Amino acid sequence: MSDAPTPTPTGKAWWAPTMGRMTVRARIATAAVVAGLLAVTLVVWNTPAVSSLVGADADEPTAAELALRERNAELEAQLHTSRSQTDALRDVLGDEQAARKKGEEDRAAAQAQREADAAQQEQAEQGTGSSGSSRSTGSGRRTAGSSAAGGGTVTAGTRGDRPNNPSTPVADDPAAPPAGPAKPAAPSRAALLDPATRYFGMYTEQAPFNWATFDDAAQSVGRSQNMVGYFGGWDERFRANAVTRAWERGLMPMLTWESRPIGSQNDVVDEPEYSLPKIIAGDFDAYLTQYAQDIVATGLPLAIRLDHEMNSTWYPWAEQTSAGAPINGNGVGDYVRMWQHVHDVFEAAGANQYVIWVWAPNIVNNLPSRFQDPAFLEALYPGDAYVDWVGVSGYQRPPFKAENDSTFDYTYGRTLEQLRAITDKKILLAEVGASEIGGTKPAWVRSFFQGFDPGANDDVIGLAWFNLAVTTYVDGQLATNDWRVDSRANSLEAFRTGIADPARRFGGQALATAAAAEPAEPAPAATTAAAEPTPEPTPTATPVPTTTPEPTPAPTATPSAAPSPTPAATP
C-alpha cells in the first residue's frame, strides 16, 4: 500500500490552468487582440506594394508599364542592330586592309621585277650597242602626239620652236654599283676637235637612250650619223650612259647643258635660284664639281653646249631685254663670268681633258636691232682659252621676211661673219631645221648643203639637225613646224642628195635608202631594212682610242631633256 495521499477529484484535467477571478476579462482581451491582428493583416495584404510583390495584378499591367516595355524593346533592338553593323564594318575594314597590304606587296614585287628587267636590258644594250627602249627620253623634250619615221611630233607653248622640258625625273640610287662591259673606244680629243670629215649629227626623240627614230632618220636619208645631240638640266646628275651608249656606236655625244631645271617651261625666263650671279658666287660649285668628277670617272670625250643662244631674250641666262632691263637678275658681263667659272671648276676636277666646250649663239637676223651689233655678240664671248668650238643655232622658219630668199647665206651669212671676226675657232651648226610652212623647205635644204661645198665654208665642221615636229604659235596662230628631214618627199630628196655629195666630206656611212629597199627582185640582207635598225656607224675622226683608265661612274635614270625653244623671232 502506498503512503501518498489520494487527490481530490475536481472534474478537470491535471494540466488545465486555473483561471481564478480574471478569467472572463482575459477572454475578452484575447478576443480583441485577435480581431485587431486580423484587421491589420487584411489591410496590409490588400496594399498595392504587397499586391505587386505577390503578383496579385500580374495579368493586368498599366498603360505606362506597357509603354515602357515597348520603348525598352525598341532600344534593345537598336542596340542589337548597331552591334551587328559594327561587327560587319569591322570585318569589311579588316578585309580592305588585308587587300591593300596584298596590293602593295604585289606592286612592290612588280616594280622590283620591272627594275631588274630594265637593268638587265640596259646592260644587254650597252654590251651590244643595239637600239632599244629606255626609261628616259633623250633629245625630244616632251613628246606629245604622233611619232613618225625620223622623228616625232611635239607640242610647245606659245614661244619657241621646241617642246618644253619633261617633269623632273627620279634618279637611280647613287650608291648602286656600276655594271656593264668595259669602256668603249673613242678617238682622242685632239682628233675630235679638228676632224678629218664633217660631223653629221641629229637630235631625235630619245637618242642616245633609244635609237629607234635616230635609226629611222638615217635610213631615210641614206647615211648614218656620227654625232648625237641631247639635252640636260642643272637638277640632273651627269648621265654616263648617254656618253657610253653614243661611243658604243661610234657617235660623238653633244650635250646641250641648260643652267635651269630640266622641267622648266620654254616661255619662263624668271629662274631666280639659277641666276648667273648665284652661279658666279659658287652656289652650284658642289654640283659642278661632282658633275666634272663623274665625267672624269667615265673617261670618254663629249661636247658640252653650255647655255646656248645667250644673245637672245628667251632664256634665263640672257643678260638683258631689248630695252636693256635685267633678265633673271643678271647683269652685263655676267654670262662671260659664269662660263669662265664653270670652266674653271671643270679644270680643277680634271674634266677639261674630256670636254669640248661649244659656245653657241643664235643667228642674229631677227634679234632686236641693238642685239645685231657685232659688239654685242663679242661682249658675250668667254675667250679663246675657255672655248673649243663656236656653235650656231639657225632655222628657216616663219614668219618670213621679204628679204628671206631661202638660202644658206641669208640664214647664216651675217652671223658667221661676226663669229669669224671674234675668233678663228672651228664652227659647228649646232642646231638646224627648216619648216614646211611656206613651201620653201626643199629649196632651202639644197642651198643649205651648198654651203658645205669646197671653198665655201671650210671652217664649218658639221651640223646637228633638229629632227622633230613642233606645234607652236606663229603670229598668234597655232601652227606646226615640221623640222624633220622626211617631212615631205621633195624635202627628203633634197636632204638625201645634199648629204650624199662626197665633196662635202660628211662622216658616217652610206646606207640603202627606203626607196632602194623596194626592188623587184628580193633585196640583199643589207638593204631589207623595213623593221631592223640601221648598221652601227663607225667614227670618222682619227680612230685613236683614249687611254684613260676604266671609269666608274654612278649611273642615273633621269630622263634626258629635249631641245629647248628657238626664239619666236624669224631667222
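The values are calculated or read from the model by the stated rules, or taken from the named source; none is laboratory data. For clarity, every value in this text was computed on a predicted model and none was experimentally measured. Cβ sites come from the backbone with ideal geometry, for glycine too, and all protein chains shown count toward neighbours.
Within the range 356-375, the residues that satisfy the criterion of being of a type outside the set (V, I, T), assigned to a loop (DSSP other than H, G, I, E, B) and farther than 30 Å from A191 by Cβ are N365, N366, L367, P368, D373. Report whether or not F376 is closer than 20 Å to I427 by Cβ and among the aromatic types (F, W, Y). Here the answer is yes, as F376 does meet what is asked.
Of everything in the range 401-453 that is touching a residue at least 60 places away in the same chain (Cβ under 8 Å) and of a type in the set (A, V, I, L, M), the residue that is nearest to W257 (Cα to Cα) is A430. Please determine whether any residue of the range 401-409 is surrounded by 19 or more Cβ atoms within 10 Å (Cβ to Cβ) and either at pLDDT below 95 or not polar (S, T, N, Q) (or both). Yes, there is a match, as at least one residue in the range 401-409 is surrounded by 19 or more Cβ atoms within 10 Å (Cβ to Cβ) and either at pLDDT below 95 or not polar (S, T, N, Q) (or both).
Pick out the one residue from G394, G451, G439 that is more than 26 Å from E319 (Cβ to Cβ), at pLDDT 95 or above, buried (at least 20 other Cβ atoms within 10 Å of the Cβ) and of a type outside the set (A, V, I, L, M).
When all the criteria are applied, what remains is G451.
Could you tell me whether any residue of the range 363-372 is buried (at least 22 other Cβ atoms within 10 Å of the Cβ) and touching a Gly at 6+ places or on another chain (Cβ under 6 Å)? Within the range 363-372 (the criterion being buried (at least 22 other Cβ atoms within 10 Å of the Cβ) and touching a Gly at 6+ places or on another chain (Cβ under 6 Å)), the answer is yes, since at least one residue qualifies. Selection within the range 289-321: residues that are hydrophobic (A, V, I, L, M, F, W, C) and more than 25 Å from A190 (Cβ to Cβ). The member of this set that is surrounded by the most Cβ atoms within 10 Å (Cβ to Cβ) is W317. Within the range 485-520, the set of residues being modelled with pLDDT of 95 or more, in a loop (DSSP other than H, G, I, E, B) and aliphatic (A, V, I, L, M) comprises V485, L511. With respect to (1) under 20 Å from the mean Cα position of the chain (by Cα); (2) farther than 20 Å from L192 by Cα; (3) not charged (D, E, K, R), the lone exception for T256 is condition (2). The set of residues in the range 184-202 that are of a type in the set (S, T, Y) and either surrounded by fewer than 24 Cβ atoms within 10 Å (Cβ to Cβ) or in a loop (DSSP other than H, G, I, E, B) (or both) comprises S188, T197. Of all the residues that make up the range 465-504, how many are surrounded by 17 or more Cβ atoms within 10 Å (Cβ to Cβ) and either in contact with a helix residue (DSSP H, G or I) (Cβ under 7 Å, 6 or more places away or on another chain) or not hydrophobic (A, V, I, L, M, F, W, C) (or both)? The qualifying residues number 19. Determine if the range 329-336 includes at least one residue that is in contact with a Lys or Arg (Cβ under 8 Å, 6 or more places away or on another chain), within 30 Å of T298 (Cβ to Cβ) and surrounded by 20 or more Cβ atoms within 10 Å (Cβ to Cβ). No; the residues of the range 329-336 include none that is in contact with a Lys or Arg (Cβ under 8 Å, 6 or more places away or on another chain), within 30 Å of T298 (Cβ to Cβ) and surrounded by 20 or more Cβ atoms within 10 Å (Cβ to Cβ).
Meeting the requirement of 2 or more residues that are within 22 Å of G462 (Cβ to Cβ), of a type outside the set (S, T, N, Q) and at pLDDT 95 or above, the helices (runs of 4 or more DSSP H) wholly within the range 203-298 are 212-221, 240-248.
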